[in-house]
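As structure tokens, the structure follows; a few thoughts come after it.
The values are calculated or read from the model by the stated rules, or taken from the named source; none is laboratory data. Every value quoted in this text rests on a predicted model; they were computed, and no experiment measured them. With ideal geometry, Cβ positions are generated from the backbone for all residues, glycine too; neighbour counts draw on all protein chains shown. Each accessible area value is taken on the protein alone, full model and side chains, heavy atoms only, with ligands, DNA and RNA left out. Shrake-Rupley method; radii C 1.70, N 1.55, O 1.52, S 1.80 Å.
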Amino acid sequence: MSTSKVERNSKNILTSNPNKMLNTIAIGDCRWTTGFWAEKFKNAEDVMVPYMGDVLCGDIGHALNNFKIAAGLKQGEHKGMFWHDGDFYKFIEAKIYVYAYTKNKSLLEEIDEYISIISQAQEEDGYLQTQIQLRKNVDRYENRKYHEMYNTGHLLIAACVHHKVTGQENFLKIAVKHANLLHTIFMPESKRYARFGFNQTQIMGLVALYRTTGDSKYLKLAEKFINNRGKYEVKHDDTTIGYPIGDMVQERTPLRASKEAVGHAVLALYYYAGAADVYAETGEKALLDALDNLWENVTQKKMYVTGAVGQAHYGASTNLDMIEEGFIDAYMMPNMTAYNETCANLCNAMFSYRMFNIHGESKYMDIIELVLYNSGLSGISLTGKEYFYANPLRMINNTRDYEAHENVTETPNREPYLECFCCPPNLVRTIAKVSGWSYSILDNGVTVNLYGSNVLKSNLKDGSSIQLTQETDYPWNGRISLTIDACKSEAFEIAFRIPDWAKSATIEIDGEPIEIDFKPGEFAKIEREWKEGTVIQLDLPMDINLVEGHPRIEEVRNQIAIKRGPIVYCIESPDLPKNTEVLDVYFNGNTILEAEFQPDFLGGITTIKGEVLIRQDKSEGMYHTIAKPQWESFKTKFVPYFSWSNRGQAEMTVFVPVVWN
């Protein structure tokens, strides 16, 4: 099996790619040591992954059972959503990352056991879809609603990660066999199969397989799936019955002509991420131009202050196609009914990470950080055992019938199991691998992308060793210390991301301030001859900022949100007088806000203390006349958005109306 496309050659030297400004570090090169992300990774190792394994490998999640039944090892029927295989592959991927950093042999043994069962479930020609194999009267690729492509993508991705981490080929062989069948069926021009790839993880998976094996047919098939979108008439046929068409699944407009993000947010962003992977290999300018336009549309016109995306559970696109869980009109940003599926938020980061590697610009990593600390982490409880599917910016008790939504995707409390289980393993695998996003490799240097206490042991592009130690209490404190433990003697560049919110950052080297030009939202680039023991101090002032929305966002007119560093805050009913609704709370624009780290509160967080005004003259009428409002002042605290709903059922809001006295 060829390995000509791996990112590093046999001497651990990065191969050149003219279509990417940056290269990723190898899995395991960066490890968290203490602090915020170290604690999250430890929770993933000790709680998140084991708990998820108990769920998915038992009778509740039933995912492993599906493979056992397909393999003839167990009697029964398929349970779970059509995309449940893909969710199990994501869980395996999370477990692989934990193994990569811990080298716990028992994890590898468990993973190999899963792979053995999956191998036995795979049919002789490579087909592997338990939701089809275990159903009577349903044929392969009969109807795209069965999400065969989604499952395929996550299979290929997990198998490639497994090979990269372990060097084993048992999982990779399953993926290759399956992808070869996919190529046989979908590479020929066929109207019947041309509209199948609507949940586009298979594009990312095929590019990953191309990079792993060096076989160009997988890259060409990935391009084929992109080229097919928007190519055929949008109407129902026997392959589309039971699932929305058109903009919902990004098939009305060819990607290269797309300027607006439409439809299901997860489907769209997986598609864009896959297309970015294809661009990174082909360098096709038309693809990149479209992706640049789409990224700007998502982040500047359809994204929440928390980095969340997918404004509506139900709605219509600008072309009046019915959509679900997705993008609606620009600047239409409801708070209470915001859908913001956890997967969509994470996909926003995934797309941005690919664009970051292509362009090397800080703005993409700013979005990633925003998602990670806010709309990503809000999807899981502090214990690591309960999940949100939807992540609204305001929760009011008893305003919706939560049981009326299929699969209980919208609830006032996180749930220990979601029947639609796509989000939990997506989030856990992200937490398990995010240290790999902390640094990138330049042509002659390294970028520092994310901040947190860690140790980097990697290689620059020329193969020379680079070892760094980062120490910080980020995100609660903006002072970061970076010590060079080992490096080459020749000059090279270290570039520090200056977040867009850091308006007066400073840098010192061995205690001496340096004079270089850098701006918020850009990288501060320092090129020189470095030496072992050099200490670089970066100070990012953690000012408390009031944030308002664009004037066209009607839902937040005359309201503010609070942000400190990368953290978006909210107010939650446990921090208000008894029987107070969050809709009665107004922000006193003249209050002085103070940050306080509380090590024993909600796992150790920084809260923001200040005064709010609680309105006393309420009316139940839909419209009513008013006199001068009556206020009662109340001193309270705001908590990070990701930490809400960890103290029992509660009301919450990110945006609060403001009163300027």
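Points to keep in mind about this one:
- Selection of the range 256-265 for residues being open to solvent by 10 Å² or more (accessible area, probe 1.4 Å) and within 13 Å of CYS343 (Cα to Cα) yields only HIS264.
- Candidates SER352, SER362: the one that is open to solvent by less than 10 Å² (accessible area, probe 1.4 Å), out of contact with any helix residue (DSSP H, G or I) (no Cβ under 6 Å at 6 or more places or on another chain), polar (S, T, N, Q) and under 27 Å from ALA290 (Cβ atoms) is SER362.
- Residues in the range 304-318 that are of a type in the set (A, V, I, L, M, F, W, C) and touching a helix residue (DSSP H, G or I) at 6+ places or on another chain (Cβ under 7 Å): ALA308, VAL309.
- Checked across the range 111-121, the condition of being part of a helix (DSSP H, G or I), farther than 27 Å from LEU382 by Cα and free of Cβ contacts under 8 Å to residues at least 12 places away in the same chain holds for at least one residue.
- Search result, residues across the range 336-345 that are open to solvent by less than 10 Å² (accessible area, probe 1.4 Å) and in a loop (DSSP other than H, G, I, E, B): ALA338, TYR339, ASN340, GLU341
- Counted residues, the range 151-198 - those being crowded, with 24+ Cβ neighbours inside 10 Å and among the polar types (S, T, N, Q): 2
- Filter result for THR383 (under 24 Å from ASN43 (Cα atoms), among the hydroxyl-bearing types (Ser, Thr, Tyr) and open to solvent by 10 Å² or more (accessible area, probe 1.4 Å)): yes
- Residue check, GLY589 exposed (fewer than 15 other Cβ atoms within 10 Å of the Cβ) and at pLDDT below 95: yes
- Check on GLY533, of a type outside the set (Lys, Arg), farther than 20 Å from THR306 by Cβ and part of a loop (DSSP other than H, G, I, E, B): yes
- Residue satisfying all of: in the range 197-248; small (Gly, Ala, Ser) and in contact (Cβ under 8 Å) with a residue 40 or more places away in the chain; farthest from THR282 (Cα to Cα) among these: GLY242
A quick yes/no check of all residues on (1) of a type in the set (Asp, Glu); (2) over 30 Å from ASN170 (Cα atoms); (3) open to solvent by less than 10 Å² (accessible area, probe 1.4 Å):
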residue: VAL207; (1), (2), (3): no, no, yes
residue: ARG211; (1), (2), (3): no, no, no
residue: LYS220; (1), (2), (3): no, no, no
residue: ASN227; (1), (2), (3): no, yes, no
residue: GLU233; (1), (2), (3): yes, yes, no
residue: GLY242; (1), (2), (3): no, yes, no
residue: GLY246; (1), (2), (3): no, yes, yes
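- Filter result for ASP59 (within 26 Å of VAL138 (Cβ to Cβ), surrounded by fewer than 19 Cβ atoms within 10 Å (Cβ to Cβ) and modelled with pLDDT of 95 or more): yes
- Residue in the range 310-320 that is within 18 Å of LEU221 (Cα to Cα) and either open to solvent by 30 Å² or more (accessible area, probe 1.4 Å) or touching a residue at least 40 places away in the same chain (Cβ under 8 Å) (or both) present: no
- The strands (runs of 3 or more DSSP E) found entirely in the range 411-484 that carry 2 or more residues being under 18 Å from ASP29 (Cα atoms), out of contact with any Phe, Trp or Tyr (no Cβ under 7 Å at 6 or more places or on another chain) and open to solvent by 30 Å² or more (accessible area, probe 1.4 Å) are 454-459, 465-472.
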